[in-house]
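Q: The structure's right below; bear with me while I get my questions together.
The values are calculated or read from the model by the stated rules, or taken from the named source; none is laboratory data. Worth saying up front: this structure is predicted, and the values here are computed from it rather than measured. Neighbour counts run over all protein chains shown; Cβ positions are idealised from the backbone, glycine included.
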Amino acid sequence: MLACFTFAAASYPADNLHILFCMKVFLCLAAAAAVIALVFVAVLFTVFPLKYKNHITEAAALYNVDPRLIAAVINAESGFRADAVSHKGAVGLMQVMPATAEWVAGELNIRFDTETLKNPQTNILIGTFYLKHLLDKFADEKTALIAYNAGEGNVREWLADSRYAANATNETTGAHTETRTVLVTCPYPVTNKYVEKVLNGKNFYRARF
C-alpha cells in the first residue's frame, strides 16, 4: 500500500504530497498501535491465565462466590499449577493447607487425603468453600482475602488494631445500616501485594466469565 502512495506521488501537485505523507505516517502509526495492542493483550493473558473454567463456575454456583474472584485467587496462589506445593505445605490450585482441607472435608462429609488436593476439581471445591466461609465471617472481600493469605488468627488481631482496621458502613434493608470493622491494610507487605493482585485479577477476569 505504501508503494502505491509513492507511485501516485509523482503525479500529484506539491500540496497533495503533504497529505500523502500524513497518510503514510498515519498508517505506520496505526500498524504500530495494533502491534502494541496485540503484545499488551498477550502479556495480560500470560499474567492472568485461565484454566479449569468449568470447575470454577461449578464451585462458584455451588457456594455463591464470584467466579472471577475464584480465578483471581487461583492465579495469585498457584498460577494455575495443580501440583503446586508451598514451603509451608499448602497444596494445589488454591494453595489449601491440609488442616484446612480436613476441616472443610468434615463440613462437607467427604473423604480426604492430601493427594486429593492436587485434583483440580476437588481443590477448587474445597478452596472455594473456605473462601466463602471467610467472606461470610468477615463480610468484607478485602478482609477475607487477607485472612485467606495470612490466616484468620492474624486477622482477628489486626481488626482490633486501629493501625490496620477501620469502621465501614454497610447498607441493609430499608433505611437501616450496620457498621462493621474491616481491614484496610495489614503489616505483611507480601499479603498486601497478594490482595492487590487478586483484586486486579478479578477485574481482568470480568470479561472471561
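Q: Would you say ASN149 is under 22 Å from HIS55 (Cα atoms), polar (S, T, N, Q), in the same structural domain as THR57 (by TED's automatic domain parsing) and in contact with a Lys or Arg (Cβ under 9 Å, 6 or more places away or on another chain)?
A: Judged against the criteria, ASN149 is not a match.
Q: Right, here's the next one. Mind counting the residues in segment 127-141 that are farther than 23 Å from PHE80 by Cβ and crowded, with 18+ Cβ neighbours inside 10 Å?
A: The number of residues fulfilling the criteria is 2.
Q: Quickly run through segment 65-107 and pick out the residues that are surrounded by 18 or more Cβ atoms within 10 Å (Cβ to Cβ) and among the β-branched types (Val, Ile, Thr).
A: If the condition is that a residue be surrounded by 18 or more Cβ atoms within 10 Å (Cβ to Cβ) and among the β-branched types (Val, Ile, Thr), then VAL65, ILE70, VAL73, ILE74, VAL91, VAL96, THR100, VAL104 are the ones that fit.
Q: Cβ-Cβ distance below 9 Å, separation of 6 or more or different chains: which pairs start in segment 142-167 with a residue that is in contact (Cβ under 8 Å) with a residue 60 or more places away in the chain and closer than 26 Å to ARG68 by Cβ and end on one that is buried (at least 22 other Cβ atoms within 10 Å of the Cβ) and of a type in the set (Asp, Glu)?
A: The qualifying pairs are TYR148/GLU77.
Q: Also, quick follow-up: Would it be correct to say that THR128 is farther than 28 Å from VAL184 by Cα, within 17 Å of the chain's Cα centre (by Cα) and in the same structural domain as GLU196 (by TED's automatic domain parsing)?
A: No; evaluated as a whole, the condition is false for this residue.
Q: Here's another thing I want to ask about it. With VAL104, VAL96, VAL73 as the choices, which residue is of a type in the set (Val, Ile, Thr) and over 21 Å from LEU199 (Cβ atoms)?
A: VAL104
Q: Scan segment 108-126 for residues that are surrounded by fewer than 17 Cβ atoms within 10 Å (Cβ to Cβ) and outside any helix (DSSP H, G or I) and jot them down.
A: Passing the criteria: ASN109, ILE110, ARG111, ASP113, ASN119.
Q: Any residue in segment 77-88 that is of a type in the set (S, T, N, Q), in the same structural domain as LEU131 (by TED's automatic domain parsing) and in contact with a Phe, Trp or Tyr (Cβ under 9 Å, 6 or more places away or on another chain)?
A: no
Q: Let me ask you something else. Spot the failing condition for LYS24; the list is (1) at pLDDT 75 or above; (2) in a helix (DSSP H, G or I), and only one is missed.
A: Evaluating LYS24 over (1) at pLDDT 75 or above; (2) in a helix (DSSP H, G or I) leaves (1) as the failure.
Q: Restricting attention to segment 80-107, which residues are part of a helix (DSSP H, G or I), of a type in the set (A, V, I, L, M, F, W, C) and under 16 Å from GLY151 (Cβ atoms)?
A: Passing the criteria: ALA99, ALA101, TRP103, VAL104.
Q: If I go through segment 61-80 residue by residue, how many of them are more than 17 Å from ASN119 (Cα to Cα) and not basic (Lys, Arg)?
A: 10
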